[in-house]
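The values are calculated or read from the model by the stated rules, or taken from the named source; none is laboratory data. Not measured: the values here are computed from a predicted model. Here the Cβ positions follow ideal geometry from the backbone for every residue, glycine too, while neighbour counts run over all protein chains shown.
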Amino acid sequence: MYSTYGYWRSLVYPDRLAVEIGQGTVTGFKRRVFSVFILGIILFVLRDMWGMNTGTMTYILANGSLDEFTIGRITALVGAILWAIIYMSFHFWGVAWILSMLTKIPFKPLLKLQLVVTGLLLIEKLINFLIFAVAGKTAAVSILSFGPLAVTFLDNWYIILFVNQLTIFSALIVAVQYRFISFSKVETSLVGEEVVEHKGIRKQALWMLIALQVVFALITAAVGFAPIEKMLNLLMIGGL
């Protein structure tokens, strides 16, 4: 049986996607992967051109020459493209591998799920970018998370960054992943003469997916908490 991979259909009906994968070949997937990655790179480039996450360029703009600023902007643009590729590759291939190890579901079917997840993450970034562009300024927290509320009541910046990673889209991603995993055929193993299916994985899938989001949020907050911008400024001021 053959079926055509549709991104939006897979987003709305991840259970149907899981069933179609189990019944036969899903075509048109590579074309969707290419489209998502190209659109993702364009989004990251637009964010960089507009000025998001380029605060370290302020010192060069104020104290450096035009040539230094031009080189800095080109370097930042190349960095944005590389980061876009790394970011999407991790959520596409990396998280699929992690889920495969945890759920015993084959790696390739999970790629079709993670393409949906990667697209959702890009949509979240697009929404934030559009709102910041309309407002004419950026913020360290996402309006789609509890980050703005946490800034009001908390002083610990690490906790704020952690809460900021738990967004509406995080909950949506968990829902999509859980729906897909619940309808997927997991690998089986032989115990004596009986085939034992990993039903326990399905029962624990929801908590596992939530825990995975929490771990990702903790790691991302730790990276964001590091004074990378100050270190870059010191590097540019003092040289190597």
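Here are some notes:
- Top-ranked residue of the stretch 145-165 - restricted to ones that are touching a strand residue (DSSP E or B) at 6+ places or on another chain (Cβ under 9 Å) and hydrophobic (A, V, I, L, M, F, W, C), ranked as farthest from residue 131 (Cα to Cα): 163
- For beta carbons closer than 7 Å, sequence separation of 6+ or different chains, a first residue in the stretch 41-57 that is at pLDDT below 75 and a second that is not in a helix (DSSP H, G or I), the qualifying pairs are 52/138.
- Only residues that are in contact (Cβ under 8 Å) with a residue 40 or more places away in the chain and surrounded by fewer than 17 Cβ atoms within 10 Å (Cβ to Cβ) were counted across the stretch 17-28, and they come to 2.
- Subset tally (residues that are out of contact with any strand residue (DSSP E or B) (no Cβ under 7 Å at 6 or more places or on another chain) and buried (at least 16 other Cβ atoms within 10 Å of the Cβ)) for the stretch 106-117: 8
- Exactly one residue among 173, 168 is at pLDDT 90 or above, surrounded by fewer than 16 Cβ atoms within 10 Å (Cβ to Cβ) and closer than 23 Å to residue 128 by Cα, and that residue is 168.
- Residue count for the stretch 125-143, restricted to those that are touching a Gly at 6+ places or on another chain (Cβ under 7 Å) and either modelled with pLDDT of 90 or more or surrounded by fewer than 17 Cβ atoms within 10 Å (Cβ to Cβ) (or both): 0
- Checked across the stretch 92-103, the condition of being among the β-branched types (Val, Ile, Thr), assigned to a helix (DSSP H, G or I) and touching a Gly at 6+ places or on another chain (Cβ under 8 Å) holds for no residue.
- Cross-chain or 6+ apart pairs with Cβ under 6 Å, the stretch 198-227 first and modelled with pLDDT of 80 or more, then not in a helix (DSSP H, G or I): 217/165; 217/166; 220/165
- Hits in the stretch 64-84 (condition: at pLDDT 65 or above and over 22 Å from the mean Cα position of the chain (by Cα)): 65, 66, 67, 68, 69, 70, 71, 72, 73, 74, 75
- Any chance residue 119 is modelled with pLDDT under 90 and small (Gly, Ala, Ser): no
This table checks each residue for (1) more than 20 Å from residue 45 (Cα to Cα); (2) surrounded by 17 or more Cβ atoms within 10 Å (Cβ to Cβ).
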| site | (1), (2) |
| --- | --- |
| 90 | no, no |
| 101 | yes, no |
| 104 | yes, no |
| 119 | no, yes |
| 123 | no, no |
| 145 | yes, yes |
